[in-house]
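Colleague: One structure is given below, represented as structure tokens, and several questions about it will come after.
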Amino acid sequence: MTVNDIAKVLEELAPLAHAEEFDNVGLLVGDPNMKVKGVLVTLDTLENVVDEAIEKRYNLIVSFHPIIFKGLKKLTGSNYVERVVLKAIANNIAIYSMHTALDNSKMGVNAKICEVLGLKNPEILIPRAKSIKKLTTYAPSADAEKIKLALFAAGAGEIGKYTNCSYSLEGIGSFKAENGANPTVGKVGEVHFEKEAQINVIYSFEKEKNILKALFDAHPYEEVAYEVLTLENSNQDLGMGMIGTLDAEMDEKEFLLLVKDRMNASVVRYSKLLGNKVRKVAVLGGSGAFAIGAAKNAKADIFVTADLKYHDFYQAENQLVIADIGHFETEQFTKNLLVDYLTKKIPNFAVSLSESITNPIKYL
């Protein structure tokens, strides 16, 4: 398999188009056509991780965090980023990053936190808006079913756990083929009326290129009439954070101790305990201060995240408990998720969990 083959498998889980605009994801270092000897999965790509890949004779590192985040103006080895890139290039090792593409995945970072904490029926905490599009097209009624099947095969018509979703209307279309046209039906120079179906399907924005190609390939007309609209609907399968429920209520302190234990947290910083029972829990791996309002709106009893500043804790406002367990701690199981995923998708291929320690924070 090539680096590009592995990337395609990873993008089935977390399409790069789902990453935030500020992010730097995908293949950061290396040749996409290079044959892969083995995959080393890590949270961060540091020098010790590259050394581990060299020792194991693996030539692809799949990392959650991107080692190259801002533009590099030089490569002299003057800092840890440049040294990692230089060492990877010198040893012909490719580096692929997923970051917020995986954050936004319904089966990604936050789903793994929910699994570790035993949260049931998890849902996206902040569904992404304006990521669903609607395609409307017009075709001869006799060809409508063939066109719909082609659109479905390209990924259109998926709503939650339902597929092949569409809505059609019957009507009469008219057109006049001018000189130089090659009409499928009707004659040049004459107004033609055709019994047509209006076909409507929705799709996630990153699938648009394949869906339009499927439309043009399946449609019988020389000129295809179609409209594309971006909907205001939020995508319930795409977005930041998750919220789920415990099997049974717990005391706030009891739940915080459970979080500390299961997430291997050295320290849990939290806002004032309210004396309430915990049943509904919101989580967001990494820096999650921006989601405090969403957690309150979702009526969460506790919000587990990281990187909170002093004043962020005031936002609890006696409506929930906010817990900061550390950036690394919220994301540490992400690499386990990726190893499990790749092992199932490409069995009998060398995929290893990095043993290198990359957490830069130490605790007394």
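Colleague: If you scan region 1-33, which residues turn out to be open to solvent by less than 20 Å² (accessible area, probe 1.4 Å) and farther than 24 Å from residue 107 by Cβ?
Modeller: 29
Colleague: Among the residues of region 261-293, what is the count of those that are small (Gly, Ala, Ser) and in a loop (DSSP other than H, G, I, E, B)?
Modeller: Total satisfying the criteria: 5.
Colleague: Now, a different point. Just to check your reading of the model, which residue among 267, 283 is modelled with pLDDT of 95 or more, among the aliphatic types (A, V, I, L, M) and open to solvent by 30 Å² or more (accessible area, probe 1.4 Å)?
Modeller: Sole residue among the options that is modelled with pLDDT of 95 or more, among the aliphatic types (A, V, I, L, M) and open to solvent by 30 Å² or more (accessible area, probe 1.4 Å): 267.
Colleague: Turning to a different aspect of this structure: Scan region 225-252 residue by residue and report those that are at pLDDT below 95, assigned to a strand (DSSP E or B), open to solvent by 40 Å² or more (accessible area, probe 1.4 Å) and among the polar types (S, T, N, Q).
Modeller: Result: 234, 236.
Colleague: Return the residue satisfying two criteria in turn: it lies in region 268-285 and is of a type in the set (A, V, I, L, M) and in contact with a Leu (Cβ under 8 Å, 6 or more places away or on another chain), and of such residues it is nearest to residue 240 (Cα to Cα).
Modeller: 284
Colleague: While we're looking at this one, here's another question. Scan region 166-186 for residues that are surrounded by 11 or more Cβ atoms within 10 Å (Cβ to Cβ) and more than 30 Å from residue 105 (Cβ to Cβ) and jot them down.
Modeller: 168, 169, 171, 173, 175, 176, 177, 181, 183, 184, 185, 186
Colleague: Now a separate question. Does region 187-224 hold any residues that are open to solvent by 30 Å² or more (accessible area, probe 1.4 Å) and of a type in the set (D, E, K, R), and which are they?
Modeller: 187, 190, 194, 195, 206, 207, 208, 209, 213, 217, 222, 223
Colleague: Can you tell me which residue is nearest to residue 265 (Cα to Cα) among those in region 302-346 that are outside any loop (DSSP other than H, G, I, E, B) and among the polar types (S, T, N, Q)?
Modeller: Among those that are outside any loop (DSSP other than H, G, I, E, B) and among the polar types (S, T, N, Q), it is 330.
Colleague: Here's a follow-up. Out of all the residues in region 298-321, is one or more touching a helix residue (DSSP H, G or I) at 6+ places or on another chain (Cβ under 7 Å), surrounded by fewer than 23 Cβ atoms within 10 Å (Cβ to Cβ), acidic (Asp, Glu) and farther than 30 Å from residue 96 by Cα?
Modeller: Scanning region 298-321 turns up at least one residue that is touching a helix residue (DSSP H, G or I) at 6+ places or on another chain (Cβ under 7 Å), surrounded by fewer than 23 Cβ atoms within 10 Å (Cβ to Cβ), acidic (Asp, Glu) and farther than 30 Å from residue 96 by Cα.
Colleague: In region 37-83, what residues are assigned to a loop (DSSP other than H, G, I, E, B), farther than 20 Å from residue 19 by Cβ and either in contact (Cβ under 8 Å) with a residue 12 or more places away in the chain or open to solvent by less than 40 Å² (accessible area, probe 1.4 Å) (or both)?
Modeller: Selection gives 37, 38, 46, 57, 58, 59, 77.
The values are calculated or read from the model by the stated rules, or taken from the named source; none is laboratory data. Model, not experiment: these values are computed from the prediction. Positions of Cβ are backbone-derived with ideal geometry, glycine not excepted, and every protein chain shown enters the neighbour counts. Protein only, heavy atoms only, side chains kept; ligands, DNA and RNA dropped before computing areas. Shrake-Rupley method; radii C 1.70, N 1.55, O 1.52, S 1.80 Å.
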